Structures are given as C-alpha cells and as structure tokens.
Amino acid sequence: MEQKEQTKTTAVKGTDMARKVRGLVKNIYRSAHEAKAQGKKVAYMMVSSQYDEIIRAMDVVPIPTENYAGLCAAKREMDRFLLKAEADGYSQVLCSYARIGLGFDSLRKELGGIPEGAPDGGMPTPDMMLGSSAVCDPRYKWFQAAGRYLDVPTYSIDVVWPPVDADLKAVRDHYIQYQKEQFQGLISFMEQQTGKKLNKERLWETIRLSDEAWRLWYEIDRMRVAIPSPMPAQDHFSVMVAGYYYPGMQEAVDFYQSLYDEVKYKVENKIGVIPDEKYRILYGGGLPPWHTLWIFNYFESFGAVFAIERQYRAYDPVEVPSSVKDPVEFLAWRSFLRATQFYEKARANSGNPTVERLLGMIDRYAIDGVVFHACRSCRATTIGQVHYKNILGRYTDIPMMQLVSDMVDLRDYSEAQWKAQIGAFIETLAGRSAR
Amino acid sequence: MPFAGIDIGSTMTKAIIVDHEERILASVIGPTGAEHRHLALKVIDEALQKASLAMEGLDFIVATGYGRISVPFADKQITEITCHARGIRALLPTVRIIIDIGGQDSKGIKLDNEGKVANFVMNDKCAAGTGRFLEVIAETLGLKLDRLGKISLTAEAYVQISNTCTVFAEHEVTSRLAEGASIPEIVAGLHEAIAGRVINMVRHLGMEKDVVVTGGGAMNIGLVRAIENKVGFPVLIPPEPLLTGALGAALAGHDFVRRGVTPDHGRRRERVTFFQ
Ligand code: SF4
C-alpha cells in the first residue's frame with residue numbers, strides 16, 4: 001500500500017518578508033557546509049545562550065541544532081531521526097529536538113555521511129559543540145550525549161539569572177562577575193580550538209549589529225498593536241530566524257529594516273492579515289507546532305488572527321551602563337538586565353514576570369483570547385502554562401485554551417481533538433462578543 | 001415552530017425535537033457502536049415520527065458532537081461544548097461547572113453567570129478518563145458496563161490502579177486479581193482513577209458550585225460518588241444525562257431563529273458518511 005502524502009504543513013504567511021525567510025534558513029546550513037569545505041571551523045550551538053556574538057566574532061560558523069529539528073518537522077522529515085534516537089535508547093519523553101539531533105548524528109555516523117534526503121543538505125560534522133544552561137537542561141546535556149557519535153570537544157557554559165524575589169542590587173555584581181567568567185572560559189576554549197585570539201573590536205562590532213537588529217525587531221512588534229493586525233504570529237515564527245540565528249550579522253539588520261518598512265506600510269494603509277478580523281489572539285507560550293503550522297490559518301478561517309506571541313520573544317532591548325568598556329563584560333551585563341527586566345513590575349503586581357508580560361500584551365494588543373501550546377517533550381516552555389493561566393484568570397476573564405501536542409513529534413498530535421477545541425474556543429469568543 | 005438537535009458522539013447518536021416553548025416533543029437515543037453511527041438519519045426520522053412531524057416541518061436543525069461536520073441534513077453545526085452549556089442552562093441554571101464524561105473523551109466547561117461558556121478543557125487523545133476505559137476493563141473482568149457502578153458501591157475499600165493508560169491498566173487489573181483483590185475493590189479503584197484524572201483536568205477551570213455531571217459517566221453511580229469525593233460536595237445529575245448536548249443543539253437552533261440567522265446550506269436527506 002502506498003503512503004498517503006500529507007500535502008500541507010506550513011502556514012500561509014501575512015508578510016512578504018516572512019516568505020523570504022526560507023532563504024535565510026537554507027543559508028544557515030549551506031554556509032556551514034561551505035565553511036567546512038574551506039577549512040573554517042563550525043560549531044553546534046544553542047540559540048539564546050547569550051554567546052552568539054562571541055561565536056561570530058571568532059569567525060566560527062554556528063549550526064543551531066534545535067532549529068534543524070524544527071526544520072525537519074516543518075518538512076515532515078523527522079521520523080527516521082526520532083526513531084533512530086529511540087532505537088539507541090533515548091526515551092520518548094526526552095526533548096524531541098534533542099532526539100532528532102541525536103538521531104541525525106547517530107545515522108550520519110552509521111552511514112558514514114549525511115543521510116540521504118536530509119532537509120537542506122543536513123548538518124555537517126561540527127568541529128566543536130557549544131552547549132549552555134540557558135532555558136533548559138537538555139541544552140546543556142545534549143552535546144555531551146552527542147559525544148557518543150562525534151569525537152569533537154564540547155564546551156557548555158552556565159547562563160544564570162536570579163530568582164524573582166532576589167534583592168537585585170545585592171546580587172547583581174556577583175551574577176555579572178560569574179557570567180563574565182563563564183564567557184571568558186568559552187573564549188579561552190574557542191581560542192584553543194581555532195588557534196586565534198578574540199579580537200575585541202570585532203566583538204564590539206557584532207554586539208552593535210545584533211543590538212541594532214533586535215531594536216528594529218522590537219519596533220516592528222510595537223507596530224503590531226495596530227488593528228487590523230499587520231503581521232501574524234506565524235510570521236513571527238519565521239522572521240525570528242534573523243534575530244536568533246543571525247545575531248551579529250548585517251543580514252539580520254537589513255532583514256528587519258525591510259520588514260519594518262513593510263509592516264509600517266501595512267499599518268498606515270490598514271492592510272490586515274485577513275480581510276475580516278473578528279478576534280485577536282495571543283499565542284501565550286510553548287514552542288510552535290512546527291509539524292502543523294497551517295493551524296494558524298485554520299484559526300484565521302474563523303476570523304481569528306494571532307496578533308502577538310510570547311514565544312521566541314525572550315527580551316526587550318536593555319540599556320547597559322555606558323561605563324562598561326569591555327565587550328565581554330557588556331555581554332554579562334546585558335544578559336543580567338535581559339533576564340531581570342520584568343522583575344520589578346512582577347513584584348509590584350502578580351509576582352510572576354511571565355504573567356506580567358502576558359498581561360501587558362493582552363492590554364496593548366487588544367487581545368480577545370489566549371492560546372497556549374503544551375509541548376509534551378519541551379518541559380522548559382510547557383511547565384508553568386497552567387499556572388500562568390490560573391494567575392492570569394485573576395486579572396482578566398478572556399477565554400484561554402491549551403492545545404497539547406509536541407513541537408515536532410507528530411505522534412503527540414491529534415487533528416480531530418484540535419479542531420474540536422478550536423471550534424469550541426471560537427464559539428466561546430463569539431458568545432462573548434455577542435453580549 | 002419545532003427545532004431539532006442531533007448529537008453524534010463517538011458511541012451514540014442522540015436526537016431531540018423541541019417546540020417554540022422549548023418543551024421536548026421527542027427524544028431518541030440511537031444505537032451504540034461504531035458500526036451504527038451512519039444511522040443518524042434513522043435516528044432523526046424516528047424522533048420525527050414520535051413527534052408526528054416531517055423534516056421539512058422543522059424550523060432549524062443543529063448538529064453537534066464529533067460527527068457534526070458530516071450531517072448532510074443539518075442547518076448548522078456547533079461544537080458540543082457550546083451545546084452542553086446551552087442544554088444545562090435550560091435544565092439547571094445554577095450550574096457553573098459541567099463535567100461531561102463521554103465514550104471517547106471527557107471535558108470540563110465553566111459557565112459564567114449568564115450560563116454562557118467562559119472557559120473549557122478537553123482531555124487529550126488518550127482513552128483514560130473516558131467511558132472507553134471502563135468499557136475495556138469491564139470486558140477484561142467479564143462484566144456488563146452498566147453494572148459497574150452498583151458493583152463498586154459494595155466495596156469497602158478500593159485498590160489503587162496507578163496506570164491511567166488503558167492498555168497498561170488492563171494488565172494491572174489482571175495482576176491485582178491474581179493478588180487476590182475482589183472485583184468490587186478493583187472496579188472502585190478504576191472509578192477512583194478516572195475521577196482523579198477528570199477532576200485534575202477540570203480543576204484548571206477553578207471548581208465552583210453547582211457542578212453537574214453529564215454523558216455516559218453520569219449514569220455510573222460509582223463514578224459519580226468518586227467524583228463527589230474528590231470535589232468535596234454533591235454534584236447534580238440531569239434527568240437524561242446523555243441528552244444534554246442534543247437538547248442544547250435544539251435550543252441553539254431556536255436561538256438562531258430568534259436572532260434571524262439563516263441556515264448555512266440546503267438540507268440533504270442523506271446518510272452520514274463521515275465514520276465509514
Ligand atoms: S527541552 Fe525545549 S527548550 Fe530545551 S532543548 Fe528541548 S526544545 Fe529546546
């Protein structure tokens with residue numbers, strides 16, 4: 001019997017720039033292969049680890065292994081990697097990004113080369129692996145586990161932030177000092193691996209480029225308060241590629257400048273994502289369902305557009321004191337300020353920084369309902385969702401819904417269940433607006 | 001002015017016809033089992049016959065339940081969440097939380113002061129916490145499904161069934177039997193397990209009085225007691241727990257007519273094909 005092909009997994013985008021992201025994604029893996037061919041160093045890495053600018057300044061080409069897992073899912077090409085990792089003994093409850101990455105490495109080793117048909121030419125063998133403790137434990141342990149298949153050195157850094165009730169003034173210097181030491185350790189390791197010294201001027205340059213890209217991106221999102229919505233969440237999950245995978249590069253700045261112009265034009269001319277916008281939804285959290293992104297269009301078919309999202313929106317721009325003259329220290333400061341930027345607000349209100357951000361979005365973006373995506377194998381972005389929902393319920397009575405699947409593992413997804421839930425959610429929104 | 005509601009669930013098809021004063025003219029609970037689900041047309045015909053009406057005489061037909069999309073003779077489709085809420089609002093207006101335990105899924109619905117849906121939760125695609133779970137285990141124990149409730153009430157204690165996965169629970173039940181546990185104790189344990197799973201889910205909405213239990217689960221007295229133990233107060237049971245969705249659908253049809261809403265498309269007197 002022939003397998004029936006699933007024809008459509010991706011979402012129809014709202015902006016032209018989001019449609020151009022595919023090229024940026026392809027280029028991540030293409031440049032890694034090219035760098036390899038030219039004898040340059042390439043490194044497995046984890047996004048949002050606060051060390052991106054260092055990697056770029058060291059002229060090491062990054063391979064974001066998590067993104068590769070998402071890419072495989074969007075292409076529905078993940079099963080053989082998941083199954084391979086599971087056959088090697090990794091549990092089905094382990095992060096599915098990690099399972100895809102490990103399964104890929106395992107297959108590449110077994111086959112003696114990149115598995116045929118791997119999306120975007122696959123990931124080349126790295127020269128080093130750079131893990132981090134930012135966000136979750138798999139991002140620290142994954143590359144250590146990958147040592148089973150790859151005989152390359154691994155270096156993982158700690159990325160720390162204080163608890164929300166800490167006395168920030170009292171702990172700040174300690175946190176910044178510790179973070180700086182972590183970065184310095186990474187730099188020494190990379191200098192050893194590349195045989196080159198870090199050029200601090202070059203590091204300042206990558207920081208400047210990266211901050212400029214994030215500033216533009218922030219301005220774009222501020223324009224998205226407009227009604228009708230000029231850019232939906234599914235576009236955000238594409239355009240974030242520039243901010244997360246190209247920080248420190250001119251490409252990211254250019255990309256967001258063009259997107260800024262496009263969104264501004266749409267706002268000024270009242271061009272919405274859908275012609276008849278009835279409900280504005282907040283994507284409250286959880287990694288996107290990469291396997292089924294068209295679900296955003298399914299909401300749109302009922303007049304519901306995802307006006308804004310919390311996922312892949314780690315921080316707003318922060319101001320590092322101008323007295324900081326060393327770029328590594330700047331990174332440590334920035335990391336601390338980013339992590340704690342909503343603490344004060346949280347302490348004054350709900351006590352929870354994530355809830356504060358969500359409440360702020362509900363208010364500014366005129367949100368009618370919140371949808372969370374619980375990903376079974378990503379504890380980092382799933383734990384807390386029910387808690388956030390409960391606290392939010394004290395401040396707002398808008399409907400909230402949690403859809404359950406996984407970010408990439410299709411075995412955890414049920415289309416019938418989702419459609420039933422979405423139908424009921426839309427009816428609930430309609431019932432409220434009919435009042 | 002008569003209105004009909006048809007609720008095609010995973011195991012049963014239910015139909016109700018009401019008049020413009022929302023009095024029930026006829027109700028039919030259709031045959032059980034997947035192989036009968038396409039007989040929805042027969043179920044509505046039977047209800048029409050009971051009410052001495054023809055399909056053309058109905059002012060509005062609303063379909064609900066998992067099979068609602070594929071009802072060719074319905075004027076509109078509405079999800080069972082909204083329909084359950086509408087049905088309960090008419091039957092038991094003080095209710096704030098609905099716990100519906102159906103054949104293949106369970107859900108919790110929170111109603112606001114006007115009886116409209118404020119929020120809801122549905123179980124995931126797992127069979128545990130649903131009627132299907134009990135059905136499978138009843139078979140393992142060689143018992144009839146409708147006897148489980150009474151049997152469990154004769155138990156003085158329950159044995160813990162820790163596996164909420166239907167497949168594993170079946171093994172667990174077999175080994176508990178081998179260890180010497182009595183059947184009533186095991187059945188009581190199963191009710192505990194389901195009630196625990198369902199209540200944990202519904203707690204996300206915030207428990208609030210009154211609570212009603214609907215669906216097939218409401219007809220199992222042992223399960224209802226286990227739920228009451230968990231919520232800490234007595235729950236309400238509607239007179240016909242299987243029919244609240246269909247009733248809500250019929251009433252929603254009346255609401256549509258009152259608001260001047262017209263049907264989505266023409267009615268076709270055809271079989272329901274969705275499940276075949
Ligand atoms: S658990 Fe979540 S945050 Fe951590 S690596 Fe996996 S997908 Fe990323």
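The values are calculated or read from the model by the stated rules, or taken from the named source; none is laboratory data. These numbers come from a predicted model, not from an experiment. Cβ placement follows ideal geometry from the backbone for every residue including glycine, while neighbour counts extend to all protein chains displayed. All accessible areas refer to the heavy atoms of the entire protein, side chains included, with ligands and DNA or RNA removed. Shrake-Rupley method; radii C 1.70, N 1.55, O 1.52, S 1.80 Å.
Under the condition of being modelled with pLDDT of 95 or more and out of contact with any Gly (no Cβ under 9 Å at 6 or more places or on another chain), the residues counted in region A:302-338 number 25.
The helices (runs of 4 or more DSSP H) falling completely within region A:120-233 that include 1 or more residues that are open to solvent by less than 30 Å² (accessible area, probe 1.4 Å), in contact with a strand residue (DSSP E or B) (Cβ under 9 Å, 6 or more places away or on another chain) and among the aliphatic types (A, V, I, L, M) map to A:138-146, A:168-194. Within region A:336-380, being within 16 Å of the ligand (Cβ to nearest atom) and buried (at least 21 other Cβ atoms within 10 Å of the Cβ) holds for A:Ala339, A:Phe372, A:His373, A:Cys375, A:Ser377, A:Cys378.
Table: residues versus (1) under 20 Å from A:Asp363 (Cα atoms); (2) assigned to a helix (DSSP H, G or I); (3) under 19 Å from the mean Cα position of the chain (by Cα).
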| site | (1), (2), (3) |
| --- | --- |
| A:Glu277 | yes, no, no |
| A:Leu282 | yes, no, yes |
| A:His291 | no, yes, yes |
| A:Val305 | yes, no, no |
| A:Tyr315 | yes, no, yes |
| A:Glu319 | no, no, no |
| A:Ser322 | no, no, no |
| A:Lys325 | no, no, no |
| A:Ala332 | no, yes, no |
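Conditions tested, residue by residue: (1) within 14 Å of chain A (Cβ to nearest Cβ); (2) buried (at least 17 other Cβ atoms within 10 Å of the Cβ); (3) not hydrophobic (A, V, I, L, M, F, W, C).
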site: B:Ile6; (1), (2), (3): no, yes, no
site: B:Val28; (1), (2), (3): no, yes, no
site: B:Met55; (1), (2), (3): no, no, no
site: B:Ala63; (1), (2), (3): yes, yes, no
site: B:Ser70; (1), (2), (3): yes, yes, yes
site: B:Cys83; (1), (2), (3): yes, yes, no
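If you check B:Gly222, B:Gly232, B:Gly189, B:Gly180 for being under 20 Å from the mean Cα position of the chain (by Cα) and more than 14 Å from chain A (Cβ to nearest Cβ), only one passes: B:Gly222.
Sub-9 Å Cβ pairs linking a first residue in region A:271-291 that is under 20 Å from A:Leu429 (Cβ atoms) and without any contact (Cβ under 8 Å) to a residue 60 or more places away in the chain to a second residue that is part of a strand (DSSP E or B) and open to solvent by less than 20 Å² (accessible area, probe 1.4 Å), at least 6 apart or interchain, are A:Gly272/A:Val305; A:Ile274/A:Ala304; A:Ile274/A:Val305; A:Glu277/A:Ala304; A:Glu277/A:Val305; A:Glu277/A:Ala307, ordered by first then second residue. If the condition is being hydrophobic (A, V, I, L, M, F, W, C), open to solvent by less than 10 Å² (accessible area, probe 1.4 Å) and under 25 Å from A:Pro289 (Cβ atoms), then region A:238-258 contributes A:Val239, A:Met240, A:Val241, A:Ala242.
In region A:409-423, is there at least one residue being within 16 Å of the ligand (Cβ to nearest atom), open to solvent by less than 10 Å² (accessible area, probe 1.4 Å) and away from chain B (no Cβ under 11 Å)? There is at least one residue in region A:409-423 that is within 16 Å of the ligand (Cβ to nearest atom), open to solvent by less than 10 Å² (accessible area, probe 1.4 Å) and away from chain B (no Cβ under 11 Å). In region A:92-109, which residues are open to solvent by 60 Å² or more (accessible area, probe 1.4 Å), out of contact with any helix residue (DSSP H, G or I) (no Cβ under 8 Å at 6 or more places or on another chain) and either away from the ligand (no atom under 13 Å from the Cβ) or part of a helix (DSSP H, G or I) (or both)? Answer for region A:92-109, where residues must be open to solvent by 60 Å² or more (accessible area, probe 1.4 Å), out of contact with any helix residue (DSSP H, G or I) (no Cβ under 8 Å at 6 or more places or on another chain) and either away from the ligand (no atom under 13 Å from the Cβ) or part of a helix (DSSP H, G or I) (or both): just A:Lys109. Looking across region A:388-407, the residues that are within 16 Å of the ligand (Cβ to nearest atom) and outside any loop (DSSP other than H, G, I, E, B) come down to A:Val404, A:Ser405.
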